[in-house]
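Data block below; observations after.
Readers should treat all values here as calculations from the given coordinates under stated rules, not as data from a laboratory. On a predicted model such as this, the values are computed, not experimentally measured, just so you know. Note that each Cβ is placed from the backbone with ideal geometry, even for glycine, and that neighbours are counted across all protein chains shown.
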């Protein structure tokens with residue numbers, strides 16, 4: 001795929017972040033993404049039926065389970081620290097009180113090593129809830145890591161290449 005940076009050496013995949021309204025074709029590439037988790041609460045509904053049961057003359061208790069609220073985990077995106085300021089500008093705008101204007105729709109795309117789309121997840125109403133840079137030492141051998149945590153209102157999987 002033309003225009004993609006050569007970022008893979010030992011990775012089998014990488015994740016691209018696309019934010020609606022951005023001026024850049026890809027806002028960031030990540031080597032790790034954690035938190036793809038969807039859970040739905042279970043609500044127990046108990047009803048008493050008029051049907052006799054065992055020794056009772058009336059009233060059998062019936063339990064029905066119905067779906068409740070959906071909860072999405074925060075997404076944590078991890079990459080080597082780059083010179084790009086795109087993510088930091090987004091975090092900075094939130095710090096300055098512009099959070100309502102900083103909610104973004106977009107997509108996370110998981111690419112194969114051949115730079116082909118393997119999976120696509122779209123999100124709505126996302127904003128950064130955390131940003132972290134790893135500890136660094138001048139004498140250390142580790143590379144600096146940048147970590148972004150996103151909260152999303154809607155997060156769903158769509159067909160690769162879809163929106």
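Structure notes:
- Helix 86-95 and the longest principal axis of the C-alpha atoms of the chain enclose an angle of approximately 60°.
- Most to least packed among 18-30, 132-144 [average Cβ atoms within 10 Å]: 18-30, 132-144
- Over the chain, the ratio between the Cα radius of gyration and 2.2 N^0.38 Å evaluates to 1.49.
- Computed FRET value (nearest 0.05) for residue 98 with residue 32, which takes r as the C-beta separation and R₀ as 35 Å: 0.80
- Full extension of the chain between residue 74 and residue 62 gives 0.7 nm of extra length, using 0.36 nm per residue less the Cα-Cα distance.
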